[in-house]
Amino acid sequence: MKLRSILTNKIRTTTGALILAALFILWEYLNGGVHTHYLLARKDLPGISNWWGLLTIPALTWLVLTLIQRRQSNEKRLQPNPENDETDILKRFLGSLAFGILLSILWEFRVEDLLQYLIFLPVIIALFRPVHLPECLLGFVLGMLFTFGGILPILVGTVLLVFSWIANKLIRKGILFIASKFN
């Protein structure tokens, strides 16, 4: 299947995301029950069940595909933008997916010392490349789905997206502007 058909067939892709989330929930259900994650990892605070992933993962997939299509249609009206090339979209998605999987592995193997620093890597990368795009959020969330369910990765990923946007659009542009004044 071509990448263009994945981006344009939102129903098929969203259904695939729903099936992925359902398989994850089924695996959890058959292996001790569906997990609930508590805010700040404290049981005295409200919990969020992984059952919500059946709603949030397909909704996020639909939203991301809609935003990518909108970005690409704006490109056609304005000027070509390399951020919207299907190959680059796929690279950003796969890179974010790998990053989410890496963080999940570090969490599962209790390597919190490294994890607490590595979580900020997207913000540092954002100083050089745009990583605040929707495909990055979807890859990150799907990469963390198995370990954290369908809500916590969306919350953490959204915060990282905002910080990455600030780093890319404000800090980077400010540094480039100041540097241009000295040349």
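Under the condition of being closer than 19 Å to F146 by Cα, without any contact (Cβ under 8 Å) to a residue 12 or more places away in the chain and in a helix (DSSP H, G or I), the residues counted in segment 109-128 number 1.
Which of the helices (runs of 4 or more DSSP H) found entirely inside segment 1-94 contain at least 3 residues meeting this: at pLDDT 90 or above?
Details: elements: 3-8, 10-30, 53-77.
Here the list reads 10-30, 53-77.
Taking segment 156-170 as the range and being among the aliphatic types (A, V, I, L, M) and surrounded by fewer than 14 Cβ atoms within 10 Å (Cβ to Cβ) as the test, the residues that pass are V159, V162, L170.
The values are calculated or read from the model by the stated rules, or taken from the named source; none is laboratory data. Remember, predicted model here, so these are calculated numbers, not experimental data. Glycine gets a Cβ as well: all are built from the backbone with ideal geometry, and neighbour counts include every protein chain shown.
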